[in-house]
Amino acid sequence: MKLKDITFPAAFLLILSLTLSSLFARYPLTTDGQSPFVEVVRDLGESIVNIQVEAEVETRTPSGRLPFDDDLFRFFFGPMPETRRSVSMGSGFIIDREDENVIILTNNHVVDIGDNAVITVTLADKAKYTAEVVGLDPHTDLAIIKINVPISENVVIAPLGDSDQVQIGEWAIAIGNPFGQLGLDRTVTVGVVSATGRSSLNFGRQSPLYQDYIQTDAAINPGNSGGPLLNIKGNVIGVNTAITTTTGGNIGIGFAIPINMAKKVTNDLLREGRVVRAYLGILPQEITADLQKSLGLERIGGVLVARVEEGTPADRAGLENGDVIIEFNNREVPNVSRFRIVVAESNIGKSVPIKVVRDDKMLTLQATLELMQDDETVQEEPETDEKPWLGLEVEGLDGGFAQRQQIEADYGVVITSIERDSPAFRSDLRIGEVVKEINRRRITNKNVYESAISEAKAVFENKGTNIILCYVRSRDGSYRYITINLEN
């Protein structure tokens, strides 16, 4: 039978059949034609809890004064209260039970909203319990709380999966309590894993230091924070945490903390009351395309050592400013975020290998890591320096500008001005920063600086490199490498 011999009804049915089969082929089905999502939600829906936190928070401004805190305002409206009642809502899920103690995993930002906060947990059967904080970890935005549930009352524990096995494109199921004030508890949304290893994301002042997010397009909205991200087998692969949005709601870009990271944090909080992390003692810096070219690296990757703190494991291991760490403890470190996590999760008190590139040579150093103390935070990256051919004016540390600005350093020259639209202006250099090295040459005074600049200019004019590498100390006391691209 030829295609032209098919009647209209038959052709319509054929097209409809092909369309429907193509549509349904996009979604997984069990042998009896049911969606496997139904089974996951039926088995695990009752492990998800609603969390409400009430606290008294200060209403004073950063200056210490209340808004409109003046005599005229008080005359008409009376005294203003110094605190107000704050209520926040989020999600969580049950991960363990020991006798009457039921352990719940959620986000730090869900429960840590102020002192003397009252945390109320509502289970699937609408039973309400007052929760106690077991431990908080703002560096990953995770928290553990617990409630006391009579032994006679049954609870569902969510099974934890292996986030290292998560693949881009696999199914993802999010369950939580979006827009909690509307009573939309235990809402289920479905999508796929859009990406893994997302980092360097800015969620405001509460942005976690350790980031390795799973990205999903399963709808996540305010109130979903702390709920589980599940795979199609019903195992938790992540803790829903944040969204990127232009509307205040879901636009298909949500982020979950990998459950393997959460397992380590959870175990530490339950056993130690704090998260145990290893400490190396360097200021790490991301490698840019210009830095890659300047340092002669084959590819963009690894971590540049911007500063080694004295008396730290890094110092004792022989790490130096300008080293590029490409492997730590036999694990690749493609960027600063991954490096921080790998270091933090390493064994304390045991020697670990560090593979570095130094002056175009590969070296392997050994470091014995220490326990990171509570007051030791991983430093963020700083800022930079340079001169007139480049658009920079500098002076010695004993100059008038440095004295007036109280700029001190053991050596180097201070940037006093940067010409607009110059190579230096297009770099990250700032007035008041101290230039300590140029192209790996130590700058001890202004004469040495001018000599180094002359050398760099000669190389550039002879068709050599168009990148100048500077090592600087910024006004806040931090250090990093800066590149000046002469052809930008």
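Here is how the numbers come out for the structure above:
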quantity	calculated
Qualifying position, being crowded, with 19+ Cβ neighbours inside 10 Å, under 19 Å from ALA278 (Cβ atoms), of a type in the set (Ser, Thr, Tyr) and not assigned by TED's automatic domain parsing to the domain that holds THR266, among SER346, SER337	SER337
Flag for LYS146 being in a loop (DSSP other than H, G, I, E, B) and not acidic (Asp, Glu)	no
Pairs, first more than 18 Å from ARG338 (Cβ to Cβ) in the range 254-278, second in a loop (DSSP other than H, G, I, E, B), C-beta under 6 Å, six or more apart	GLY254/ILE220; ASP268/VAL275; ASP268/VAL276
Long-range neighbours under 9 Å by Cβ, at least six apart or interchain, first residue within 14 Å of GLN285 (Cβ to Cβ) within the range 307-323, second of a type in the set (Asp, Glu) and part of a strand (DSSP E or B)	ASN321/GLU437; GLY322/GLU437
VAL357 vs. criteria outside any loop (DSSP other than H, G, I, E, B), closer than 14 Å to ASP212 by Cα and at pLDDT 90 or above	no
Candidate set: the range 161-188, residues that are part of a loop (DSSP other than H, G, I, E, B) and in contact with a Pro (Cβ under 7 Å, 6 or more places away or on another chain); chosen: the one nearest to ARG331 (Cα to Cα)	PRO178
Residue match in the range 190-208 (condition: farther than 20 Å from ILE94 by Cβ, buried (at least 22 other Cβ atoms within 10 Å of the Cβ) and modelled with pLDDT of 90 or more)	yes
Where a residue in the range 92-118 is surrounded by 14 or more Cβ atoms within 10 Å (Cβ to Cβ) and its partner, wherever it lies, is hydroxyl-bearing (Ser, Thr, Tyr) and at pLDDT 90 or above, with Cβ under 6 Å and at least six apart	GLY92/THR106; PHE93/SER47; ILE94/SER47; ASN107/SER225; ASN107/THR241; VAL110/SER225
Residue list for the range 466-475, filter: buried (at least 16 other Cβ atoms within 10 Å of the Cβ) and either in contact (Cβ under 8 Å) with a residue 40 or more places away in the chain or charged (D, E, K, R) (or both)	ILE467, ILE468, LEU469, CYS470, TYR471, VAL472, ARG473, SER474
Number of positions in the range 382-425 that are assigned to a loop (DSSP other than H, G, I, E, B) and at pLDDT 75 or above	18
Out of GLY296, GLY301, GLY273, sole residue that is surrounded by fewer than 20 Cβ atoms within 10 Å (Cβ to Cβ), of a type in the set (Gly, Ala, Ser) and closer than 16 Å to LYS355 by Cα	GLY301
Residue in the range 247-267 that is in the same structural domain as ILE348 (by TED's automatic domain parsing) and in contact with a helix residue (DSSP H, G or I) (Cβ under 6 Å, 6 or more places away or on another chain) present	no
Test: residue in the range 461-473 that is over 34 Å from the mean Cα position of the chain (by Cα) and of a type in the set (Phe, Trp, Tyr)	no
From the options ARG473, ARG440, ARG420, residue that is of a type in the set (Lys, Arg) and under 14 Å from GLY391 (Cβ atoms)	ARG420
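Per-residue answers, yes or no, for (1) under 20 Å from VAL40 (Cβ atoms); (2) within 19 Å of the chain's Cα centre (by Cα); (3) among the charged types (D, E, K, R); (4) not assigned by TED's automatic domain parsing to the domain that holds ALA117:
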position: LEU136; (1), (2), (3), (4): no, yes, no, no
position: ASP141; (1), (2), (3), (4): no, yes, yes, no
position: VAL155; (1), (2), (3), (4): yes, no, no, yes
position: ILE173; (1), (2), (3), (4): yes, no, no, yes
position: PHE179; (1), (2), (3), (4): no, no, no, yes
position: VAL192; (1), (2), (3), (4): yes, no, no, yes
position: ASP212; (1), (2), (3), (4): no, yes, yes, yes
position: ALA218; (1), (2), (3), (4): yes, no, no, yes
position: ILE237; (1), (2), (3), (4): yes, yes, no, yes
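The values are calculated or read from the model by the stated rules, or taken from the named source; none is laboratory data. All of these numbers come straight from a predicted model, not from anything done at the bench. Cβ: placed from backbone, ideal geometry, glycine included. Neighbour counts: every protein chain shown.
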